[in-house]
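Trainee: Take a look at the following structure, please.
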Amino acid sequence: MKHFEVPSGYRSNLISAIKQKRKEDDKLKKDFSPTLIDLGIIKFYLARHFGFCYGVENAIDIAHRTIEENKGKRIYLLSEMIHNPQVNEDLLKKGVRFLQDTNGSEIIPLNTLTKDDIVIIPAFGTTLELEATINKIGIEIQKYNTTCPFVEKVWNRGDQIAKKGFTIIIHGKPKHEETRATFSHAANKTPTLIVNDMEEAKVLGKFILGELPLSAFSVYFKNRYNEGFDPAIHFEKIGVINQTTQLATDTQAISDYLKSIITIKYGKENSQEHFADTRDTLCYATNDNQSAVVGLLEQEADLAIVMGGKNSSNSSHLVELCEKKLPTYFIDDANKIIDPHQIIRNNWKTKQSELVNNFLPQTPPISILMTSGASCPDMVVESVISKIVSFYELEDKLEEVRASWLS
């Protein structure tokens, strides 16, 4: 796999050594059991897969090279490059400015840009409409494109089924940058609709089967479909693609459900003509990280800590999985751990911060499950471990463990 130049401050020698050893011992990635860091009275269990994925490292590499190669020029990102506060803050410190917020609202007027400016496409990709606007200014936007290759894979799969006359159903969060970009690319080729979850998929199924009046379609799915979409004819052939950071199991469940609806309407013998198999669009990193959390949760523990930006979709889904079994704390860095008793966690649903008391058991031994999202630097994971270790004066023990992994 291609090697990327990522700032050393994002790396952790300890975490890198653990990942490398697990990779060597499990080349086929079939072992999803966690890695134990045993400090006696404190035990940390790390998920088999976590942290930076290929697409994130690719984006960071391109962004930092772009900065180095264009000193003295104004450099902009269309929006946050990834949903991680440390990475985005580092780019801001280097002089990069964001043109839009995560909802697509303008921060810097596009009409203030000139053809001499540099504009970087974030890892989520962007809409064809915004791309065209930047190109009209005279800026070569594709020259500095950090779009994740696995997002582009989804777009390519959408193009393939669009050419065969299929309507595209996108499983994604309607306001997320990636979903907006995927919608733009798909809607340029074929009728396209966004569904947020299984509840909406079931409503869609009722429209397809004629159990709900088509007159209600525009109300229920307002702003979720492209111009010219006709529910009376555009559900004859459908295929499901996804926002890559959604729960893979949710996307598959929605796809399976809609396939069952199509089978009911057209018969099993005709289902292949009316439903496209698109399961190959699920992102490998999303799959691996979520499968690793499933394996992690087989371990008995007192609590779980998930690290990632509060707006990170893939991190939020890891929290969602963990919360089903045990107390879970979603944080973006070690500073959110105030002391052995208090922690400031992010609510993955509301995106609001909340202070929680007595998050650690009062008396050891303590077992903690840990993972992080695909846009979270490994150094954040190590810093959280170190912060908790300091409460119990186990720094020397941690150094012994570090030495054993690095030897």
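Please treat every number below as a calculation from the coordinates, not as lab data. Here the structure is a predicted model, which is why all the values come from computation and not from measurement. Every residue, glycine as well, gets a Cβ built from its backbone with ideal geometry; the counts of neighbours run over all protein chains shown.
Trainee: Work out, step by step, the length gained on full extension between TRP405 and ASP230: first 0.36 nm times the residue separation, then minus their alpha carbon distance; give nm to one decimal.
Mentor: 57.1 nm
Trainee: Counting each DSSP H run of 4 or more residues in the chain as -39500 (n - 2.57), what helix-only mean residue ellipticity at 222 nm follows after dividing by all residues, to the nearest 500 deg cm²/dmol?
Mentor: Helix-only estimate at 222 nm: -12000 deg cm²/dmol.
Trainee: Continuing with this model, one more query. Any chance you could give the angle, 0 to 90 degrees and rounded to 10, that helix 54-69 forms with the longest Cα principal axis of the chain?
Mentor: 80
Trainee: List every residue whose amide H lies under 5 Å from the amide H of ILE366, counting only residues 5 or more places away in sequence or on a different chain, with H placed 1.01 Å from N in the peptide plane.
Mentor: Residues meeting the criterion, in which the H sits 1.01 Å from N, are ILE42, LYS43.
Trainee: Tell me, what ³J(HN,Hα) does each residue in the range 10-20 have, in order and in whole Hz, if you take phi through Karplus 6.51 cos²θ - 1.76 cosθ + 1.60 with θ = phi - 60° and put x for Gly and Pro?
Mentor: Along the range 10-20, the couplings run 8, 8, 9, 4, 5, 5, 4, 5, 5, 4, 5 Hz.
Trainee: If each of GLU140 and THR263 carries a label point 7 Å out from its Cα toward its Cβ, how far apart are those two points in nm?
Mentor: In this crude spin-label approximation the distance works out to 5.1 nm.
Trainee: So, one more: Give the long-range amide H neighbours of THR328: residues separated by 5 or more places, or on another chain, with amide H under 5 Å away, using H modelled in the peptide plane at 1.01 Å from N.
Mentor: Answer set, sorted by chain and number: ALA304.
Trainee: Taking the mean number of other Cβ atoms within 10 Å as a proxy for protection, how do you rank 186-192, 20-26, 85-91 from highest to lowest?
Mentor: 186-192, 85-91, 20-26
Trainee: Sorted by average packing, counted as other Cβ atoms within 10 angstrom per residue and highest first, what order do 338-350, 210-222 take?
Mentor: The packing order, highest mean first, is 338-350, 210-222.
Trainee: Apply the Kirkwood formula to the range 99-247: the hydrodynamic radius equals the inverse of the mean of 1/r over all pairs of different alpha-carbon atoms; give it in Å with one decimal.
Mentor: Computed over Cα pairs of the range 99-247, the Kirkwood hydrodynamic radius comes out at 16.4 Å.
Trainee: Return, ordered by residue number, the residues of the range 35-66 whose backbone nitrogen is under 15 Å from a label point located 7 Å along Cα→Cβ of ALA17.
Mentor: Of the residues in the range 35-66, 36-39 have backbone N under 15 Å from the label point off ALA17.
Trainee: Amide H neighbours of ILE343 under 5 Å, counting only residues 5+ apart in sequence or on other chains, H built in-plane at 1.01 Å?
Mentor: Amide H neighbours of ILE343: ILE338, VAL356, PHE359.
Trainee: Provide the per-residue ³J(HN,Hα) series for the range 124-130, in order, calculated from phi with Karplus coefficients 6.51, -1.76, 1.60 and θ = phi - 60°, each as a whole number of Hz, with x at glycine and proline positions.
Mentor: With coefficients 6.51, -1.76 and 1.60, one gets 6, x, 8, 7, 5, 5, 5 Hz.
Trainee: If you average the alpha carbon positions of the range 349-407 and of the range 123-171, how far apart do those two centres end up, in angstrom?
Mentor: The range 349-407 and the range 123-171 have Cα centres spaced 38 Å from each other.
Trainee: Identify, among PRO109, GLN142, PRO122, the residue whose Cα sits farthest towards the positive end of the charge dipole of the range 52-200, taking +1 on the Cβ of Lys and Arg and -1 on the Cβ of Asp and Glu, with the dipole about the Cα centre.
Mentor: The Cα lying farthest towards the positive end belongs to GLN142.
Trainee: I want the local charge near GLU382. Using Cβ-Cβ distances under 10 Å, sum +1 for each Lys or Arg and -1 for each Asp or Glu among the other residues. Write down the numbers at each step before the final one.
Mentor: On the way: positive: ARG11, LYS387, ARG402; negative: ASP378.
Overall, the nearby charge balance is +2.
Trainee: What's the center-to-center distance, using Cα atoms, between the range 68-108 and the range 263-336 in Å?
Mentor: Using only Cα atoms to place each centre, the spacing works out to 28 Å.
Trainee: Could you calculate the FRET efficiency of ILE338 with GLU89 from 1/(1 + (r/R0)^6), where r is the beta carbon distance between them and R0 is 22 Å, rounded to 0.05?
Mentor: 0.60
Trainee: Along Cα→Cβ, 7 Å out, is where each label goes; now give me the distance between the ones at SER218 and SER105 in nm to one decimal.
Mentor: Output for this residue pair reads 2.8 nm.
Trainee: Which ³J(HN,Hα) values, rounded to whole Hz and listed in residue order, are derived for the range 73-82 from phi using the Karplus coefficients 6.51, -1.76 and 1.60 in 6.51 cos²θ - 1.76 cosθ + 1.60 with θ = phi - 60°, glycine and proline given as x?
Mentor: Values, residue by residue: 9, 7, 10, 10, 10, 4, 7, 3, 5, 9 Hz.
Trainee: Continuing with the same structure: Describe numerically, in nm with one decimal, the distance between label points set 7 Å from Cα along Cα→Cβ at LEU355 and at GLU68.
Mentor: Spacing of the two 7 Å Cα→Cβ label points: 4.4 nm.
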